[in-house]
Structure formats: structure tokens, C-alpha cells
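What follows is a short report on a single structure.
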Amino acid sequence: MAVSIRNIKKFFDDHPEYEDRKEEVLSGLQERLGGQKAIVSVVAKEALGDLAVEFFHEATNNMDHIKIGLEDLQQN
């Protein structure tokens, strides 16, 4: 499964209780991916750590997340 960095941004925007982790996760992903938008789920899982299960549940069951992921996958 491929997801997008925008999916991860949306996840953090939707969960202000994780604000303290947002910058670390996003900056690490952006460094690692060098401008790509879509990422494989293994990379997302590594970056999110203990938040990965909650993220993937939302990314696969929320139409906004699905739309974002598909759009960015097409642009990659």
C-alpha cells in the first residue's frame, strides 16, 4: 500500500494530541524521500512508530485520506 506525506500531515492535523511528534516525523520523511510525495507503507510505518496502526486505520477507512493518497501516487 502506498500513502502520501500529505496523508501523514492530515493525520497530525486531525490529531493535535500528537503535535509534539509531527515535526520530527515529517522532517525525517522529507529528508529520506527527497521530494517524492507517495511513500510505501513500510517507510510510513517506520516513521510513525507506535502511531502507525492508528494512522493506517484512518488512511484506509477515510475517504479524504484515500483521495489524497491516490492523487499523490499518480503524481509520483
*Within the stretch 6-23, which residues are assigned to a helix (DSSP H, G or I) and surrounded by 15 or more Cβ atoms within 10 Å (Cβ to Cβ)?*
ARG6, ASN7, ILE8, LYS9, LYS10, PHE11, PHE12, TYR18, ARG21, LYS22
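Would you confirm whether or not the stretch 49-56 contains a residue that is part of a loop (DSSP other than H, G, I, E, B) and touching a residue at least 24 places away in the same chain (Cβ under 8 Å)? If you could, list the steps in order and put the result at the bottom.
Filtering the stretch 49-56 for residues part of a loop (DSSP other than H, G, I, E, B) gives none.
So far as the stretch 49-56 goes, no, none of its residues is part of a loop (DSSP other than H, G, I, E, B) and touching a residue at least 24 places away in the same chain (Cβ under 8 Å).
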*Spot the failing condition for VAL3; the list is (1) surrounded by 13 or more Cβ atoms within 10 Å (Cβ to Cβ); (2) part of a helix (DSSP H, G or I), and only one is missed.*
(2)
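So that you can scan it fast, the table gives a plain yes or no per residue for (1) over 18 Å from GLN75 (Cα atoms); (2) at pLDDT below 95:
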{"residue": "HIS15", "(1), (2)": "yes, no"}
{"residue": "ARG21", "(1), (2)": "yes, no"}
{"residue": "LEU26", "(1), (2)": "yes, yes"}
{"residue": "GLY34", "(1), (2)": "no, yes"}
{"residue": "ALA38", "(1), (2)": "no, yes"}
{"residue": "SER41", "(1), (2)": "no, yes"}
{"residue": "ALA47", "(1), (2)": "yes, yes"}
{"residue": "ALA52", "(1), (2)": "yes, no"}
{"residue": "ASP64", "(1), (2)": "no, yes"}
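Per-residue answers, yes or no, for (1) of a type outside the set (Val, Ile, Thr); (2) in contact (Cβ under 8 Å) with a residue 12 or more places away in the chain; (3) surrounded by 13 or more Cβ atoms within 10 Å (Cβ to Cβ):
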position: VAL25; (1), (2), (3): no, yes, yes
position: LEU33; (1), (2), (3): yes, yes, yes
position: ILE39; (1), (2), (3): no, yes, yes
position: ALA59; (1), (2), (3): yes, yes, yes
position: ILE66; (1), (2), (3): no, no, yes
position: GLN74; (1), (2), (3): yes, no, no
*What number of residues in the stretch 14-41 are out of contact with any Leu (no Cβ under 7 Å at 6 or more places or on another chain) and among the aliphatic types (A, V, I, L, M)?*
4
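The values are calculated or read from the model by the stated rules, or taken from the named source; none is laboratory data. If you're wondering where the values come from, they're calculated on a predicted model, not measured in any experiment. Positions of Cβ are backbone-derived with ideal geometry, glycine not excepted, and every protein chain shown enters the neighbour counts.
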